[in-house]
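Quick notes on the structure that follows.
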Amino acid sequence: MSEKASDPHEQSDAAVRGKYHFLDVGAEKYGDCILVEFGRVRVLIDGSHEKDFAGQEGYLSVPDQLSQLFPNEQPPYRITVMVVTHCHKDHVGALPKLVSEGVIDPEWALLTDPKLGFGRSQDDSDAVDLSDERTRKLAAALRE
């Protein structure tokens, strides 16, 4: 028996057990859409650009890419957990249609609140004064 096979930490490590699929999010700058599978558990992290729902010239749509990942299934594809890391358009763009058009069926969702972020409170009572251009740029960079 090899040393690696006998190490319980090696066998249970997510990097060893998981399947990681980085969906092609087209030529538009930035964007993420990642599907991770741990056996029957599926985690969808972010949802790319809005345009990626239908696809862009030379790039498959997110629904088409999911159908290639699940060739023996029909939509809606079961997603155990859908995670939105932050509320930028390049991370949430296609998600509303993926859900409303019945492409995915997330059991759970972990979403960020677009009102919260660096320099903000939920009611903006302690918001930073953004009337100065330099302050606006700094706040935008920190919120990124």
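The values are calculated or read from the model by the stated rules, or taken from the named source; none is laboratory data. All values derive from a computational prediction rather than experimental measurement. Keep in mind that these areas ignore ligands, DNA and RNA; they rest on the heavy atoms of the full protein, side chains included. Shrake-Rupley method; radii C 1.70, N 1.55, O 1.52, S 1.80 Å.
Converting phi to 3J(HN,Hα) with the Karplus coefficients 6.51, -1.76 and 1.60 and the offset θ = phi - 60°, segment 78-85 yields 6, 10, 5, 9, 9, 10, 10, 6 Hz in sequence order, with x at every glycine or proline.
Just the protein heavy atoms count here, and of the accessible area of segment 50-111 at 1.4 Å, carbon and sulfur take up 54 percent. Under 5 Å from the amide H of Ser61 lies no amide H of any residue 5 or more positions distant or on a separate chain, with H modelled from the backbone and absent for Pro and chain starts. List the pairs from Lys89/Lys137; Lys19/Lys97; Lys97/Lys137; Lys19/Lys89 whose alpha-carbon separation is above 23 Å, in the order I gave them. Among Lys89/Lys137; Lys19/Lys97; Lys97/Lys137; Lys19/Lys89, the Cα-Cα distance tops 23 Å for Lys19/Lys97; Lys97/Lys137; Lys19/Lys89. The largest accessible area among Arg78, Arg42 belongs to the first residue in Arg78, Arg42, and the rest follow in falling order (1.4 Å probe, all chains).
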